[in-house]
Amino acid sequence: MESLDPKLVTVFGGAGFVGTQIVQLLAAKGHRVRVAVRRPDLAGHVRPLGTVGQVVPIQANIRNAASIERAVAGADIVINLVGIGGNRGAQTFEAVHVEGAKAIAQAAKAAGASALVHMSALGVDTAAAISQYAASKLAGEEAVFAAFPDAVVMRPSILFGQGDGFFNLMAGLARLFPVLPLIGGDTKFQPAYVGDVAEAFVLAAEGKLKTGKVYELGGPQVETHRQLIERVQREALRNRPLLPLSFGMAKMLAGVMSILPFPPMLTADQVELLSVDNVVSDAAIKQKRTFAGMGIVPTSMDTILPTYLWRFRKHGQFDKDLVSPAKDASAA
């Protein structure tokens, strides 16, 4: 349904996993969308998310103030989704999560934007003492509110949906390796569906949520890291043994990966994050800063994961209801 008051929206990082979902919803509501990315030539896939000319990729680098100012010029709404999982070259936690977020908030305020919605991560307040990633995300939130007091900050848990970075990775590892490492098997997570998170962002963008608040987004199921990997194996029809690793051993493994000439699959900072529960806080529930408080009924993993994890079965869709996990593991 189209909005009665269409706006111009600039979405930083709008060509990614979450961004494409948000852009599609904004376009469906009639808004014009600028998708601000470092490489517009690689973001052509966002154009068909709206009508002709409605969604336009533009060049912007959050480490370059002038490009940010150009991207937000005339925008009514600004959304920042840019984030990184590890330091690499000039793309550091400080540069992206803190200084970049601050620069976007300042530019949005100077441009007269009526709304700013900023992507953070669930649990950064509790993990900030041990994780550089979490500390930078928390500092970024503070910088955003300092520059744009009426901003809305979203803290989603790990996300699931077609193209996600966690469940696809775990299923891929289960397909390739005979044993799966398990770090922090008892750590709790509350995965959120990317479509629900996109809906929350659009509600905030359209001014339908209280501003100056931090919202915590978690799905209807709380499961341990072990339970999530077991769930992935059920969907992929795999039965790989799990090899529990201590946090110390995992950090050693991450250290070895860090010296390889390509981005590591695991960093020491990520190991630290795996030691902290990643669930919606009691305070957020009480204060209605959750999906429920927005009127969104969160989607279950049971509904979505089967629609794409079948790709990791031995025979893909043809293994459905025909091969048990145990038989599949022995045949692989």
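Where a number appears in this text, it was derived from the coordinates with a stated rule and is not lab data. Since this is a predicted model, take the numbers as computed values, not measurements. Note that we place each Cβ from the backbone using ideal geometry, even for glycine, and neighbour counts take in every protein chain shown.
The table that follows gives values for the structure above.
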read-out: Protection proxy ranking, peptides 277-290, 135-148, average beta carbon neighbours within 10 Å, highest first; value: 135-148, 277-290
read-out: Sorted largest first, extent of segment 137-233 alpha carbons per principal axis (Å); value: 51, 25, 21
read-out: Within a Gaussian network of the chain (alpha carbon springs, distance under 10 Å), most fluctuating of THR224, THR211, THR303; value: THR303
read-out: Cα-projected label distance for LYS188 with SER275, points at 7 Å along beta-carbon direction, nm; value: 2.0
read-out: DSSP bridge orientation in the chain - percent antiparallel, rounded to nearest 5; value: 10
read-out: For percent of Cα pairs over 33 Å apart, calculated from these coordinates, the label among [x] 32; [y] 28; [z] 43; value: [y]
read-out: Gain on full stretching of the segment that runs from ALA110 to SER258 - 0.36 nm per residue minus C-alpha separation; value: 49.3 nm
read-out: Cα radius of gyration and Dmax for segment 184-291 (Å); value: 17.5, 48
